[in-house]
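Here the structure is laid out as structure tokens; the discussion comes afterwards.
FYI, it's all coordinate maths here, none of it is from the lab. As the structure is a computational prediction, the values presented were derived from the model and not from experiment. Glycine also receives a Cβ, built like all others from the backbone with ideal geometry; neighbour counts cover every protein chain displayed.
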Amino acid sequence: MSHCKIDFRTMADKRLTIDYKEFASELELEPQDQELAKAAREALKGSYSPYSKFQVGAALRLADGTIVKGANQENAAYPAGLCAERVAMFAASANYPETPFDTLAIVASDNGVPCDEPATPCGNCRQVMAEYQSKYGRPFSIILIGNSKVLKFAKVDDILPFIFDSLKV
Ligand code: THU
């Protein structure tokens, strides 16, 4: 029964590495990214999160310098709510459809207490980021802000490896 034999000769172990920057504080960011971090913190005020009591703020800088803010919006019917990142990205694409994204900053607080660890976007938000990277045909940066650590990624691929992109398929 030779046809049942599996030939492993083409198998290879691979490793994926991701380049990103880690800062001890948002004060170490470049001035325009510090401004964006501030805007993300301001955006927290718009969080409507009576169910989770977890506030997320997002600030998206567009290629022309415009900053669009978003905050998580919850709903009694839970899935009807939306994450801060998507609120910001959808608002940007709806209001400035021709202007590419440059950098998205995200910050969170738990019950009003700023989080020490960086806020990391959910899978759905990462997929939406991937869509806009394709829409505008250029990568954009993502800054994840925590009190004790800030991470900066140069492109969506770095937080969503093996991106599904129907526009490229
Ligand atoms: N949330 C965001 O706004 N962004 C994320 O990336 C993860 C989670 C929100 C959704 C919900 O309102 C609350 O945080 C708790 O999950």
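Can you give me the relative contact order of the stretch 1-160 as a percent, contacts being Cα pairs under 8 Å and 6 or more apart?
23 percent
Mind scanning Lys69/Lys135; Lys21/Lys45; Lys135/Lys155; Lys14/Lys149; Lys45/Lys135; Lys14/Lys135 and naming the pairs with a C-alpha gap bigger than 25 Å?
Check vs 25 Å cut-off fails for Lys21/Lys45; Lys14/Lys149; Lys45/Lys135; Lys14/Lys135.
Give me the distance in nm between label points sitting 7 Å out from Cα along the Cα-to-Cβ direction at Phe162 and Ala63, one decimal.
In this crude label model, Phe162 to Ala63 measures out at 3.1 nm.
Among Ser166, Ser109, Ser25, which comes first, second and so on when ranked by fewest other beta-carbon atoms within 10 Å?
Lowest count first: Ser166, Ser25, Ser109.
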